[in-house]
Amino acid sequence: MLRRLALLGLLSISACNLEEILEPEPETPTGTVKGTLTPFRRLQSATSPADWPEQLKDPAVRRRLSSSLTRAVTARKAARRSALSAQGTPSVDAVPGEVIVRFEEANLSESEALSRVQLAGYRAVYKGAITEHLHLIGYAPLYPGVMRALATEALAQSVQGMRGVRYAEKNARVYAFKTPNDPGYSRQWHYRMMNLPAAWDITTAGVAVGIIDSGIVRHPDLNGRVVQGVDLISDVASSGDGDGRDMDATDMGKDQPNGSSSWHGSHVAGTVGAVSNEGAGVAGVTWSGPIVPVRALGRDGGSFADIAAGIQWAVGNAVPGLRTNANPVKVINMSLGGASPPSQALQEVIDDAVAEGVIIVVAAGNDNVDASAFSPCNQDNVICVGATRFNGKRASYSNYGANVDVMATGGEVAEDLDGDGKPDGVLSPILDDDGTPVWAYYQGTSMASPHVAGIVALMKAQNPSLTSGEVEQILTATADPSSQCGEGCGAGLVNAQAAVLAAKNGLDPNAPSKLGVGANQISFLGDSTQSLAVRNLGGGSLKVTAKASGAYASALSFPSGNTVTMSAYRSASLLVAVNASGLSRGEYPAQLTLTGDNGQSATVAVKIQVGSLEDKDIVLAFFFEDAAGELDLEEEGLALVPASSGYSYSMKLTPRTYLAIATIDEDGDEEFFEDGERVGAWRDPANIEPIEVKVSQTVNGINFALTPTESSPD
């Protein structure tokens, strides 16, 4: 059984004496880590939670807890990886000694390129061509020493001033924007939120889409759509396949710090174009058209040079040493990035691709900060996508700001606002830890971006002549403004039907009105309010009146009134509230009936859950890598985060680099990571990041969600 969130293969503890761990040690300087954990919410089970706070006062209980945690966390050696920023998405670091050089002259040979950029004290090494003008040059010191990032910056500045060089810049490394877990189309709530089923009534056909990511795996929900791809990772160690660039786009996995695999590129590809309407798995945004995998992210992320070469190859242009792409793409998705100023080399390749009619869609990033600091979102001529949750509002992690053009569903796995008992994540194909094809819920702008890329592919299939500017104008003009936000969410949530119609023949304001809703079920946890998207899928004006029915209809009300009016191809938010007073603990059904003045009606199921939320305490552990390369756990790194605190914590830790995991012992048996138990990791299990703790400094914002571990396909 898949346990992607269980982290059974995530961490290891060296064979240490747990008695010694618990003995007092001399006081040492410490740093502080603070954050808030968010467990996936559900009604409290019949099993009484163990009284962990009281029990932890007993050293013997602490030893049993540590021993149980030791058994649960496997004894595999964790893969080494350089520490990333604890403050969010990894900053873009220079690949030591590598410089991207843009020569004035085209098609220079290897020897000619090297002869023009020699630097005293360094041996220049030719790393490969990106385009006819762009080349990657490596510099190795002639004298003993280690190449540092700042030295690489200085090298680039030196090369910048050479004759025949238009510009030179460091080759920076970026990373996938990632996420968590589970599987079936009925679970793909994220499509209804963007009005995609109505777009499918117009067309399901797409065009060739390039997925510049971690590569692809063989999966029954992908195999029928994927065509010949390419591996453009020039760093052999990062590639993991034993060679450099080649025509094999297979994702080699092991891209996580612990050596596990996210299969990020396959999850992204599945959203764009999982094999659809064949009675198995999940549906993709597009149902036909080639999916072209371009592998540019490996074990250490990906570099600007490899990504630029990936764009060049995907659109059908020559990349020296490789066969030309036989399926030139019209749309590119890049669910990747990092904190960096815009890259000149990347911009040049983007501009060339856009000039050839290619549309490039990118993720905004998952740091809950202004996206202007993140490349490629801050590059020109790209469509930058932020993420929304089930209610259409900005997801807690999504970057924002003026660089964000539109929003799309990215998920929020700590929630279940549709009441299906599963996390509100984006569902798409991956492999489990045994290499078995499964489907998983992830969250992130990485999941939002391919939704838009798929919608753009539907648009391009209807109107191949659309330019990047025209596509962006249509997406923003037709987006749902109710998903805008004060921080900057662009034009709001994309409206797939309106966008495809506008691309095809334009919107017809005289068409008959048509009623649509954004969800077929909504769920309430006690007294709360939800927003239901009500749409006019046609022209004219549509007035819709809502009425509650069922035995528990009296618990429902409409704070802003029960009537909404929409103009042609627009939506409105109907606020629905629950007053659960007088209802005992349990689950209660009701129904909303929405009736339009055009005579059409729709129903939405309502689930009212009453009673205490799961209030079990969370076991939080901070592991560190010891001198032998094993992951260790000391008592200071083990804490119980009580529900009574709102799951907020503050821990003093010895300065070093840590990995954090958290779990809930649902049944109180002192066995952790069992199927069904909620588990989480920083940043999340699909994007595990180290946390650097320094003396007398506080690392804030180490917040993450815990979600159930079961993940068998429905």
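The values are calculated or read from the model by the stated rules, or taken from the named source; none is laboratory data. Model, not experiment: these values are computed from the prediction. We place every Cβ from the backbone using ideal geometry, glycine too, and count neighbours over all the protein chains shown. The accessibility values were calculated without ligands, DNA or RNA, using every heavy atom of the protein model including side chains. Shrake-Rupley method; radii C 1.70, N 1.55, O 1.52, S 1.80 Å.
Summarising the label geometry, the points placed 7 Å from Cα in the beta-carbon direction at Thr593 and Ala627 lie 7.6 nm from one another.
Can you bin the range 277-430 into rounded, prolate or oblate? Criterion: square roots of the alpha carbon gyration tensor eigenvalues sorted a ≥ b ≥ c, rounded for a/c under 1.5, prolate for a/b above b/c, oblate for the rest. All intermediate terms of the calculation are to be shown ahead of the outcome.
Details: a/c = 2.14, a/b = 1.35, b/c = 1.59.
Judged from the Cα gyration tensor, the range 277-430 comes out oblate (a/c at least 1.5, b/c at or above a/b).
Under 20 Å from a label point set 7 Å out along the Cα-to-Cβ vector of Lys543, the amide N atoms of the range 499-523 belong to 510-517.
I need the trypsin sites (Lys or Arg not before Pro) found in the range 265-324, filtered to DSSP loop residues with at most 16 other beta carbons within 10 Å of theirs.
Values: sites: Arg295, Arg299, Arg323; in loops: Arg299, Arg323.
Here the sparse-neighbourhood loop sites are Arg323.
Would you mind getting me the FRET efficiency between Thr250 and Asp615? Use the beta-carbon distance for r and R0 = 56 Å, nearest 0.05. So, using R0 = 56 Å, E works out to roughly 0.80. Prolate is the label for the range 296-353, because the ratio a/c of its alpha-carbon gyration tensor axes (a ≥ b ≥ c) is 1.5 or higher and a/b is greater than b/c. Take the alpha-carbon centre of the range 296-311, take the same for the range 211-272, and report the distance between them in whole Å. Here the answer is 12 Å between Cα centres.
Apply 1/(1 + (r/R0)^6) to the Cβ-Cβ distance of Leu114 and Glu356, taking R0 = 45 Å, and write down the FRET efficiency to the nearest 0.05.
Numbers: r = 30 Å, r/R0 = 0.67.
That gives a FRET efficiency of 0.90.
Can you pick out the pairs among Lys422/Lys694; Lys422/Lys460; Lys254/Lys330; Lys504/Lys547; Lys607/Lys652; Lys330/Lys422 whose Cα atoms lie more than 32 Å from each other? Numbers along the way, then the final one.
Values: Lys422/Lys694 38 Å; Lys422/Lys460 34 Å; Lys254/Lys330 30 Å; Lys504/Lys547 36 Å; Lys607/Lys652 42 Å; Lys330/Lys422 35 Å.
The pairs that break the limit, which is 32 Å between Cα atoms, are Lys422/Lys694; Lys422/Lys460; Lys504/Lys547; Lys607/Lys652; Lys330/Lys422.
Rolling a 1.4 Å probe over the protein heavy atoms of the range 370-466, with every protein chain left in place, gives an accessible area that is 42 percent carbon and sulfur. Could you please state, rounded to a whole Å, how far the C-alpha centre of the range 406-473 is from the C-alpha centre of the range 565-606? Cα centroid of the range 406-473 versus Cα centroid of the range 565-606: 26 Å apart.
Round to the nearest 0.05 the FRET efficiency obtained for Asn107 and Ser465 when R0 = 41 Å and r is the Cβ-Cβ distance. Show your work: numbers first, answer last.
Numbers: r = 31 Å, r/R0 = 0.75.
Calculated transfer efficiency: 0.85.
Among 380-392, 586-598, how do they line up from the highest to the lowest mean number of other beta-carbon atoms within 10 Å? Each step should come with its number before you reach the end.
On the way: 380-392: 25.0, 586-598: 16.5.
The packing order, highest mean first, is 380-392, 586-598.
Sorting check: for 455-461, 342-348, 413-419, 465-471, which peptide has the highest mean count of neighbouring beta carbons within 10 Å, and how do the rest follow?
Values: 455-461: 28.0, 342-348: 21.1, 413-419: 22.9, 465-471: 15.7.
Top of the packing list down: 455-461, 413-419, 342-348, 465-471.
Within the range 507-607, the trypsin sites (Lys or Arg not before Pro) that combine a DSSP coil assignment with at most 13 other C-beta atoms in a 10 angstrom radius are Arg585. Computed over protein heavy atoms with a 1.4 Å probe, the accessible surface of the range 563-649 works out to 40 Å² per residue.
Rolling a 1.4 angstrom probe over the protein chains, ignoring ligands and nucleic acids, what is the accessible area of Trp287 in square angstrom, nearest 10? Accessible area of Trp287: about 80 Å². Loop-located chymotrypsin sites (Phe, Trp or Tyr not before Pro) across the range 438-491 with a Cβ neighbour count of 15 or fewer within 10 Å are lacking, with loop assigned by DSSP.
With Cα atoms as the point set, the range 340-413 shows a radius of gyration and Dmax of 12.9, 39 Å.
Oblate is the label for the range 469-555, because a/c, from the alpha-carbon gyration tensor with a ≥ b ≥ c as root eigenvalues, is 1.5 or above and a/b does not exceed b/c.
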